[in-house]
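Only one structure is covered here, and it is reproduced in the block below.
The values are calculated or read from the model by the stated rules, or taken from the named source; none is laboratory data. Since we're looking at a predicted model, the values are computed, not measured. Heads up, the Cβs are rebuilt from the backbone with ideal geometry, glycines too, and the neighbour counts pull from every protein chain shown.
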Amino acid sequence: MPGNTLYIVVPCYNEEEVLPETARRLGDKLRALMEAGKIDPRSRVLFVNDGSKDKTWEIIQRLHREDGLMCGVDLTRNRGHQNALLAGLMTAKDRADMVISMDADLQDDVDAADAMVDKYLDGVDIVYGVRSSRKKDTFFKRTTAEGFYRMMDLLGAETVFNHADYRLMSKRALEGLAQFTEVNLFLRGIVPMIGYRTDTVEYERGERFAGESKYPLKKMLAFALEGVTSLSVRPLRMITGLGFLVFLISLIMILYNVVRWATGNTVAGWASLACSVWFIGGLILLSLGVIGEYLGKLYLESKDRPRFLIREVLDGETDQKDS
Ligand code: UDP
Ligand code: MG
């Protein structure tokens, strides 16, 4: 059966508590799909250790020894979720025909993988896992996360609503992805740019199986900023619009003052003056900040540094590779 090798890529950062269970469930899923004849026996689970400080890599090594279906990639240090995921996708690309990416914490419903594989077999290249509800997320996580999607949209960063990084991609879609060489990586914004036939699969998002979220509010805000500034120039355009508006207002003010002067009504107003100085000053600083944000991106892109470095790959061949 040519062309049906599936790799499930799982980035892991300090996930020692969930890994054994995740491996068990993903192993079961792979075996079930193999038995159903939908995927090739060479299919694997590929864990990416993103420079964890706990025993994550030791556990991956043990899983690999005990079960041939479990493979691993060890990064040289922590590079963040998106880069770790990319490292996994790029490693799997050369070995698989389709790759599913998912989080280590089992929040994404493993059973949705069946529908993804079915769609792939129907000729779809990218299948997005979309959360049908977030009932099990905490109120805080739910509102901040949904606010995140809305804000992204408002600021011109197109993404698939309520889709995180649970998705299936075909080999050629991954080859497309490999050509996006940006270091400011925001995968869920880039993947829709690849094109090909796409589809979605709905699933219920569960609770984190164990351990705590590796995305506290601070990281989430940084992630949102990363997404907006790496996908869209709309904030820059907004600044232009704002500048234009302020300019218009000042024109009207000048006109008004001239009329007042001509009619002999000049009264000193300190408060309005002070307020407008602060207002304009604030606007200028904010605008400079936004421009600086983009300049910083440009600076980082111009350096063209590697997005990840691989220390070791654990698979059948156990080869070593840099990227
Ligand atoms: N992750 C990673 N590197 C990091 C942070 C997170 O590889 O620096 C992984 C983490 O192990 C998990 C996934 O990214 O598999 C998503 O993280 P998490 O579940 O904590 O995020 P949340 O679901 O709370 O948004
Ligand atoms: Mg999670």
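For region 126-149, enumerate the residues that are surrounded by 13 or more Cβ atoms within 10 Å (Cβ to Cβ) and modelled with pLDDT under 75.
134, 136, 137, listed by residue number.
Which of the following residues is surrounded by 21 or more Cβ atoms within 10 Å (Cβ to Cβ) and β-branched (Val, Ile, Thr): 110, 10?
None of the other options fit; the residue is 10.
Run residue 236 past the list (1) within 16 Å of ligand 1 (Cβ to nearest atom); (2) part of a helix (DSSP H, G or I) and report the number of the one that doesn't hold.
Every listed condition holds for residue 236 apart from (1).
Keeping to region 217-263, report how many residues are surrounded by 10 or more Cβ atoms within 10 Å (Cβ to Cβ) and either in contact with a Gly (Cβ under 6 Å, 6 or more places away or on another chain) or under 23 Å from residue 80 (Cβ atoms) (or both).
Counting residues in region 217-263 that are surrounded by 10 or more Cβ atoms within 10 Å (Cβ to Cβ) and either in contact with a Gly (Cβ under 6 Å, 6 or more places away or on another chain) or under 23 Å from residue 80 (Cβ atoms) (or both) gives 17.
Would you mind telling me which numbered condition in (1) away from ligand 1 (no atom under 15 Å from the Cβ); (2) aromatic (Phe, Trp, Tyr); (3) over 18 Å from the mean Cα position of the chain (by Cα) residue 140 fails?
Of everything listed in (1) away from ligand 1 (no atom under 15 Å from the Cβ); (2) aromatic (Phe, Trp, Tyr); (3) over 18 Å from the mean Cα position of the chain (by Cα), residue 140 misses just condition (1).
How many residues, within region 13-25, are surrounded by fewer than 24 Cβ atoms within 10 Å (Cβ to Cβ) and part of a helix (DSSP H, G or I)?
5
Please give the number of the condition residue 208 fails out of (1) in a helix (DSSP H, G or I); (2) at pLDDT below 80.
Of everything listed in (1) in a helix (DSSP H, G or I); (2) at pLDDT below 80, residue 208 misses just condition (1).
Give me the pairs, please: first residue somewhere in region 289-301 and in contact (Cβ under 8 Å) with a residue 60 or more places away in the chain, second residue anywhere and of a type in the set (D, E, K, R), beta-carbon distance under 8 Å, and either six or more positions apart or on two chains.
301/182
Would you check if there is a residue in region 62-74 being under 22 Å from residue 114 (Cβ atoms), assigned to a loop (DSSP other than H, G, I, E, B), touching a Leu at 6+ places or on another chain (Cβ under 7 Å) and touching a residue at least 12 places away in the same chain (Cβ under 8 Å)?
Yes, region 62-74 contains at least one residue that is under 22 Å from residue 114 (Cβ atoms), assigned to a loop (DSSP other than H, G, I, E, B), touching a Leu at 6+ places or on another chain (Cβ under 7 Å) and touching a residue at least 12 places away in the same chain (Cβ under 8 Å).
Which pairs do you get when a residue that is closer than 15 Å to residue 138 by Cα and touching a residue at least 24 places away in the same chain (Cβ under 8 Å), found in region 204-223, comes within reach of a residue that is near ligand 2 (Cβ under 9 Å from one of its atoms) and polar (S, T, N, Q), reach meaning Cβ atoms under 9 angstrom, with the pair 6+ apart or on two chains?
Between residues of region 204-223 that are closer than 15 Å to residue 138 by Cα and touching a residue at least 24 places away in the same chain (Cβ under 8 Å) and residues that are near ligand 2 (Cβ under 9 Å from one of its atoms) and polar (S, T, N, Q), the close pairs are 205/107; 206/107; 207/107; 208/107; 209/107.
Among the acidic types (Asp, Glu), farther than 30 Å from residue 57 by Cβ, away from ligand 2 (no atom under 16 Å from the Cβ) and assigned to a loop (DSSP other than H, G, I, E, B): does that describe residue 182?
Spelling it out, it is not the case that residue 182 is among the acidic types (Asp, Glu), farther than 30 Å from residue 57 by Cβ, away from ligand 2 (no atom under 16 Å from the Cβ) and assigned to a loop (DSSP other than H, G, I, E, B).
Can you tell me which residue among 262, 274, 210 is farther than 20 Å from residue 151 by Cβ and within 16 Å of ligand 2 (Cβ to nearest atom)?
Every option except 210 fails the conditions.
Taking region 186-205 as the region of interest, how many residues are within 12 Å of ligand 1 (Cβ to nearest atom) and part of a loop (DSSP other than H, G, I, E, B)?
Within region 186-205, residues that are within 12 Å of ligand 1 (Cβ to nearest atom) and part of a loop (DSSP other than H, G, I, E, B) number 1.
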